[in-house]
Ligand SMILES: C[S@@+](CC[C@H](N)C(=O)[O-])C[C@H]1O[C@@H](n2cnc3c(N)ncnc32)[C@H](O)[C@@H]1O
């Protein structure tokens, strides 16, 4: 069952986070089980339970939602004639009281392959890796701040060669990262004790956007992912960025799914914000909810005109630098950076072909490029 907003009073941003996790896991598991592997390992590295309302069933905790989502995918595929699929759950938690709750939860669910790891994630990496020895591994890393020893975590992620969702705590980082007293812990988080020089050399920007950029650069350097895509989650009551979910993946499909899920979740975020405003003001809104959602997402959501413009710019400049680049390659690279989907990129390439800026052959009988279609910039016309 998807997360229910009633359980998230005052922490609606966690509702959006869980919605994203659920929808992403669902698509990722379908894809994996239909193709590559019969085994899916889900690692909840900072599992909690943490600030839950449903203290009986933990339906508002990530670990319990992951179980429900992945189990429903497994069952649906069994019904479609795919037996032999397996999901492993590996939960890690540092707080002893929370570990006890996780153990109790696991004991009540003997039908699932759950292992609970007690202590810091960074101290349990070998054990968790051994417990995910085959199959595809998805790791959810959801700390409360930036207290993470990233260099060890990066080694773990690189060796597993799966996917991860990293919750970057933007608000906390923004508030504190400029203070010298935390320089050492930020260095651990960035896997770079000498981070301050690079930080200070960066152009103007908020603390959190600069730290995010440094973190992603370090992740790429550590080869934990080919693509790093992210989206912001706002605190709906204050309309401030609270966190950013970063997906690390080696697959172009993962990037496309990320943007598709983002588009859905953005609508829910507007709906949630709107419901809170209505409740707090005691006045009904002037426009219908659907219209408010369309207005807000057209302004800065996935595929809005600003993002289409930005995607077009990147696409055209990349094609001119790398003539003959395959549509699927450029699509993943653009979607990694810009909130657009393949359908938007189809339209962008077709419009620019018509405008004479791009050259490519359309596959027989098709009206959009195929993944293999080679794109080239049009030669400038001499007079
Ligand atoms: C934000 S909460 C996790 C919430 C949970 N993922 C969810 O969405 O329902 C972070 C949790 O990580 C635990 N924690 C903090 N540092 C940790 C570490 N180094 N290793 C494992 N757990 C840690 C905290 O005790 C807390 O329960």
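Computed from the coordinates by the stated procedures, all read-outs in this text should not be read as laboratory data. For clarity, every value in this text was computed on a predicted model and none was experimentally measured. Note that we place each Cβ from the backbone using ideal geometry, even for glycine, and neighbour counts take in every protein chain shown.
The table that follows gives values for the structure above.
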item	result
Estimated distance in nm for a label pair at residue 72 and residue 51, the labels positioned 7 Å out from Cα along Cα-to-Cβ	2.5
Cα-based helix-to-principal-axis angle, 96-107 vs the chain, degrees rounded to 10	90
Inter-centroid distance (Cα atoms) of region 167-234 relative to region 308-383, Å	32
Euclidean distance of C-alpha centroids, region 1-50 and region 87-131, integer Å	17
Neighbour-count order for 82, 74, fewest beta carbons within 10 angstrom listed first	82, 74
Computed label-point distance, nm, for sites residue 209 and residue 347 using a 7 Å Cα→Cβ extension	2.6
Degrees separating the helix 12-34 axis from the principal Cα axis of the chain, which is the longest one	70
Whole-number percent relative contact order across region 5-259, with pairs defined as alpha carbons under 8 Å at least 6 apart	19
Separation in nanometres of the label points that stand 7 Å from Cα toward Cβ, at residue 221 and residue 182	2.1
Stretch gain in nm, segment residue 295-residue 197, where the contour uses 0.36 nm per residue and the Cα spacing is subtracted	31.1 nm
With Cα atoms, 0 to 90° folded angle of helix 289-300 axis to the chain main axis	70
Cα gyration tensor, region 215-366 - rounded (a/c under 1.5), prolate or oblate	oblate
FRET E, pair residue 133, residue 97, Förster distance 30 Å, beta-carbon r, rounded to 0.05	0.50
Approximate shape of region 5-259 as ellipsoid semi-axes (Cα gyration tensor, √5λ), whole Å, largest first	30, 20, 18
